[in-house]
């Protein structure tokens, strides 16, 4: 604990906002990890089972499966289209696309905050560097090398180095997870397009052959 306290003392005032950024980043990263683990563990399996049920004309079973897993984005997208009353293929497609667009903010949640932390943390570190150098130059007395002000010079240099390193550490740590979540988001969008296209194709085939047994009754 003493080492941490000394680190904060050496880093100067910018260490406190950097600490706030790091705590915020860790909290949001944990939330996103829990979110993506839940989706990756269940969603693909559920969607494949739903498509198989729908392919076998078990529409009621497919709807029940989706409603039981309505906490998954793909389930909500499918339900938005399958719960329509006798839609045309165009209406069915629009329902899928509209709900998919509505799910995007949930999939990209906190991305702007991550980007802000990634951008501001190095700048705060740079600010600490500038402040540390100012302290060093103010304390520097070329004509009095043995002065007690030498400690202020070393303290200013220490602040410059510690704050820069801390800002970079926070930014790099956040960037790693932000890019990982961005990759999961892009893969999720690809799966939405793939599975949504399969469901739309199955519906269009049923519609063209005049099978209206797929429409839910209300």
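Quick note: the coordinates plus some simple rules give every number you see, no bench work behind them. Computed from a predicted model, the values in this text were never measured in an experiment. All Cβ positions, glycine included, derive from the backbone under ideal geometry; neighbour counts span all protein chains shown.
Assorted remarks:
- Listed from fewest to most Cβ neighbours within 10 Å, the set 15, 186 follows the order 186, 15.
- If you take the Cα centroid of segment 57-136 and the Cα centroid of segment 168-199, the two points sit 10 Å apart.
- At q = 0.10, 0.17 Å⁻¹, base-10 log of I(q)/I(0) for segment 11-208 (Debye sum, equal scatterers on each alpha carbon): -0.58, -1.02
- When peptides 67-78, 25-36 are ranked by their average number of other Cβ atoms within 10 Å per residue, the highest-first order is 67-78, 25-36.
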